[in-house]
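The values are calculated or read from the model by the stated rules, or taken from the named source; none is laboratory data. All figures in this text were calculated on a predicted structure; none of them were measured in a lab. For neighbour counting, all protein chains shown are included, and Cβ atoms are generated from backbone atoms with ideal geometry for every residue, glycine included. Note: accessible area is taken over every heavy atom of the protein model, side chains too, but ligands, DNA and RNA are not part of it. Shrake-Rupley method; radii C 1.70, N 1.55, O 1.52, S 1.80 Å.
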Amino acid sequence: QVQLVESGGGLVQPGGPLRLSCAASGSFFSIFDMGWYRQAPGKHRELVAGITSGGSTNYVDSVKGGFTISRDNRKKTVYLQMTSLKPEDTAVYYCHRDGRVGYWGQGTQVTVSS
């Protein structure tokens with residue numbers, strides 16, 4: 001059974017940084033592509049950043065230059081470093097593992113407000 005547990009969310013002021021972590025259980029973490037998604041109230045869930053098993057990354061245009069996704073295969077953890085946060089980044093952030101069967105974490109709330 002695969003579990004993804006996100007952490008690191010919280011309240012941050014505009015312009016501030018925050019780092020999210022997603023710890024995965026299960027085997028063969030390194031062979032799966034991973035992603036961070038977010039869902040704001042009243043909006044669809046969107047892909048924020050993805051990282052392949054080989055380390056290639058992609059980002060939604062609105063976060064390019066401000067967010068960085070990375071992974072530590074030994075720790076079975078994927079990270080999302082967020083800088084220059086804006087109120088429109090407020091959302092529940094979810095970790096996702098690709099594969100024949102996809103898995104989701106429970107989500108972590110990020111609120112950007114003064």
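Enumerate by residue number the GluC sites (Glu not before Pro) in the stretch 4-95 meeting two conditions: DSSP loop (anything except H, G, I, E, B), and at most 10 other Cβ atoms within 10 Å of the site's Cβ.
Passing sites in the stretch 4-95 do not exist.
Summarise the accessible area of the stretch 1-91 (1.4 Å probe, protein heavy atoms) by the percent that is carbon and sulfur.
Result for the stretch 1-91: 50 percent of the exposed heavy-atom area is carbon or sulfur.
Send over a whole-number figure in Å² for the accessible area per residue of the chain, probe 1.4 Å.
So the chain comes to 55 Å² accessible per residue, rounded to a whole number.
May I ask you to work out the translational diffusion coefficient for the chain at 4 °C, viscosity 1.567 mPa s, via Stokes-Einstein with Rh from the Kirkwood sum over Cα pairs, reported in whole µm²/s?
Estimated diffusion coefficient is 93 µm²/s.
What list of ³J(HN,Hα) values in whole Hz, one per residue of the stretch 93-99 in order, does the Karplus curve 6.51 cos²θ - 1.76 cosθ + 1.60 (θ = phi - 60°) give from phi, with Gly and Pro shown as x?
9, 10, 9, 9, 10, 6, x
Suppose every K and R has +1 on its Cβ and every D and E has -1 on its Cβ; what is the size of the dipole of the chain about the Cα centre, in Debye to the nearest 20?
Using only the charged Cβ atoms, the result is roughly 220 debye.
Starting at the first residue of the stretch 8-23, write each ³J(HN,Hα) from the Karplus equation 6.51 cos²θ - 1.76 cosθ + 1.60 with θ = phi - 60°, in whole Hz, x for Gly and Pro.
Per residue, the Karplus-derived 3J(HN,Hα) values read x, x, x, 9, 9, 6, x, x, x, x, 7, 10, 9, 10, 9, 9 Hz.
Taking the chain as a Gaussian network, Cα atoms linked when under 10 Å apart, which of Ala24, Ala40, Ala49 shows the biggest mean-square fluctuation?
With Cα springs under 10 Å in the chain, the top fluctuation among Ala24, Ala40, Ala49 is at Ala40.
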